[in-house]
1. Looking at the structure I just gave you, is residue A:65 out of contact with any strand residue (DSSP E or B) (no Cβ under 6 Å at 6 or more places or on another chain) and more than 27 Å from residue B:89 (Cα to Cα)?
2. Just to check your reading of the model, which residue among B:71, B:42, B:46, B:95 is surrounded by 15 or more Cβ atoms within 10 Å (Cβ to Cβ), among the aliphatic types (A, V, I, L, M) and part of a loop (DSSP other than H, G, I, E, B)?
3. Could you check residue A:56 against (1) within 13 Å of chain B (Cβ to nearest Cβ); (2) out of contact with any helix residue (DSSP H, G or I) (no Cβ under 7 Å at 6 or more places or on another chain); (3) surrounded by 15 or more Cβ atoms within 10 Å (Cβ to Cβ); (4) modelled with pLDDT of 95 or more and say which number it fails?
4. Only one of these conditions is not met by residue A:71: (1) within 29 Å of residue B:29 (Cβ to Cβ); (2) loosely packed, with under 14 Cβ neighbours inside 10 Å. Which number is it?
5. Which ones in the range A:1-46 are away from chain B (no Cβ under 14 Å) and of a type in the set (Gly, Ala, Ser)?
6. Can you pull out the residues in the range B:127-138 that are in contact (Cβ under 8 Å) with a residue 60 or more places away in the chain and surrounded by fewer than 23 Cβ atoms within 10 Å (Cβ to Cβ)?
7. Name the single residue, out of those in the range B:1-19 being exposed (fewer than 14 other Cβ atoms within 10 Å of the Cβ) and in a helix (DSSP H, G or I), that is nearest to the other protein chains (Cβ to nearest Cβ).
Amino acid sequence: MSELRKELKEKIIEQLNLEDIAIDEIQDADPLFGEGLGLDSIDALELIVMLDKDYGIKLADPKEGKKIFESVETMATYIAANRSR
Amino acid sequence: MNGKVVYENSSPEFTSFIKAAYKHFETDYSKFFKMDNLSKLAFMAADVLLPKDKTLASNQQNMAIVLSNRAASLDTDRKHQESIDNEDNFYPSPAVFVYTLPNICIGEISIRHKLNSENSFFIFETFNAEYLWEYSKSLLNTQKADEVLCGWVDFDEGEYEAFLYLVSDSGDYLHNETEITRLYLTR
């Protein structure tokens, strides 16, 4: 699970072009949106595409994303339980 | 800027060049790295030209933006096309797709400088001083704007060019087609 969390941090930084942020600056429980990493709505869509492309998870209801993308911790838990890749 | 070199970098590759320029001018705008190449180019060119405090004086709040280029958003359009070419690997990136219009770069400048003003983006085969002159003159004459950020920002397959200038009722240069062309060619 810790490997998955590290992998997610790397993917988030790379795919969302967070140039100014290093992996060790993202704590597992940090909020990804709002006061945390400050991600926006386009980033949320990118994360949905990432779930599909890299882990074979299609979100039927985008509203589900709000809970799943709360933090790296919640993402990792959801991916571990639902991944097909 | 105004005939003076404010930054030099011999890097032939755009990504390195624009990132180095961003750091050189201490730009501090994290959304910059999410932009496509055309927006990065337009954003940095405008950022060098406009006041450093990022909040324009009240008399500059009504600054229209009129930009133009040859390749529209073709460079980003191609990236989007590549992501949807293969039905078995069909993962279009929302972050790329939002830049598949050339006038998005005007939006980036407007957000940065808090402008809610008139704006237009034109596509020409080559730099068209006459059209930009007429259009910006019309904006000023009809009081649609007090000032116009005008110019050419083009990016296509690694080749890029930016030329921006400000038009107002008073300034250091005459505003006419000949002078605009002369400034464009002075590089």
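The values are calculated or read from the model by the stated rules, or taken from the named source; none is laboratory data. Only a predicted model underlies this, so the values are computations on that prediction, with no experimental measurement involved. All Cβ positions, glycine included, derive from the backbone under ideal geometry; neighbour counts span all protein chains shown.
1. Details: out of contact with any strand residue (DSSP E or B) (no Cβ under 6 Å at 6 or more places or on another chain): yes; more than 27 Å from residue B:89 (Cα to Cα): no.
Against the criterion (out of contact with any strand residue (DSSP E or B) (no Cβ under 6 Å at 6 or more places or on another chain) and more than 27 Å from residue B:89 (Cα to Cα)), residue A:65 does not qualify.
2. B:71
3. (3)
4. (2)
5. Within the range A:1-46, A:2, A:29, A:34 qualify.
6. Passing the criteria: B:128, B:131, B:135.
7. In this case the residue turns out to be B:15.
Residue by residue, here is whether (1) assigned to a helix (DSSP H, G or I); (2) closer than 30 Å to residue B:179 by Cβ; (3) within 14 Å of another protein chain (Cβ to nearest Cβ) holds:
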residue	(1), (2), (3)
B:31	yes, no, yes
B:107	yes, yes, yes
B:121	no, yes, no
B:127	no, yes, no
B:137	yes, yes, no
